[in-house]
1. Order by neighbour count: 69, 208, fewest other Cβ atoms within 10 Å first, most last.
2. Which whole-number percent gives the relative contact order of the chain, counting Cα pairs below 8 Å spaced six or more residues apart?
3. Using a 7 Å offset from the Cα along the Cα-to-Cβ direction at both residue 159 and residue 140, what is the distance between the two label points in nm, to one decimal?
4. I need 135, 231 ordered by Cβ neighbour count within 10 Å, fewest first.
5. What list do you get for 273, 230, 220, 68 if you sort them by fewest beta carbons within 10 Å?
6. For the range 185-245, just the Cα set please: Rg and Dmax, both in angstrom.
7. What are the radius of gyration and Dmax of the range 79-154, computed over its Cα atoms and given in Å?
8. I'd like the orientation of helix 36-45 relative to the chain: the angle between its Cα long axis and the longest Cα principal axis, in ° from 0 to 90, rounded to 10.
C-alpha cells in the first residue's frame, strides 16, 4: 500500500524546489531557521561571509511562495515573514530543549563566566568583542574571575589571554553550565533564535546578553536575563551578578520560570500541531 504525502517540510528556503510536483493536497511547510536575506544584510556590515549573504529579500520571497506555510523560529521574524509574504500563513516553531531544570542550583564555582558557541562567524565576532571590550573591565573589578569558553569558537582566541580557559568541545555541557556563575551571550549580529540563550535559561543560569542575543524571546513580560545596551553596561552587569549573590539568585529563578512557560514541548509545538491537525482534518491521505 502506498500513500501520497499529506505534508512535506523543507529545511531552509534553499530546499523549497522539492515542493515542485507535489499534489495540491500536500501541505508544504518551509522551516526557515532564520531569515537568510537578513543574515546577508547584517554580515555585509562588517565585510564577512555567511550563508544567505547572496540571497536577496525578493529571492527569499519567491522561495517562500513555493510553499503554503512559513515556519519562523521566533516571533520577531514571524512578523517580518508576514510582511515579506503576506499571502502565506506564518507560524512559530521555536526550540524545545531536551531538559529544563526544576529549580536553580547554586553554581559549583564562584566568579566563573561561561561563553558557549560554535565556529559561526557571528559567534567569533561576539567573542572577540567580549574579550576586547568587556573582559578587561571584569578582571579589573574581580581579579580572580575566570572566563570559560566552550565550543569550537574558542580556537579563534589569541593564546595566553589572562584568566581564560579555552575548553573546546566538551562531552558534558550540562556540567559546564553547573560550574558557571554567570553565562554571557555577546553576539551583536544575527537572526533566528539564539539557542545558547535558550539553553542558559533552561539550565537556570543568570544570563547577560546583547539585545540581538535575546531577539525572539517573549517581549510582553519581565525579561529573564540582563540585556545590556552597550559593552560598558555589559561589563557592569556581569560584575554586579558576580558580586551580588542575591541578585544572581533572583535572576536564576526568573530564568527557570520563563523557560518552563515558553520552552516546554507543549508551548513550542502548539502552533505546528494546530496547523497540521487543521490540514489532516481536510485531507485524508489517498490510498494508491
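1. Details: 69 21, 208 27.
With the sparsest Cβ surroundings first, the list reads 69, 208.
2. On the way: 548 pairs, mean separation 59.2, N = 288.
Worked out over the chain, it gives 21 percent.
3. 2.8
4. Working: 135 24, 231 17.
The fewest-first ordering by Cβ neighbours comes to 231, 135.
5. Final ranking by Cβ density, sparse to dense: 220, 230, 273, 68.
6. 11.3, 33
7. In Å, with Rg to one decimal and Dmax whole: 18.6, 56.
8. 40
Every read-out reported here was derived from the displayed coordinates using simple, explicitly stated rules and does not represent laboratory data. Only a predicted model underlies this, so the values are computations on that prediction, with no experimental measurement involved. Heads up, the Cβs are rebuilt from the backbone with ideal geometry, glycines too, and the neighbour counts pull from every protein chain shown.
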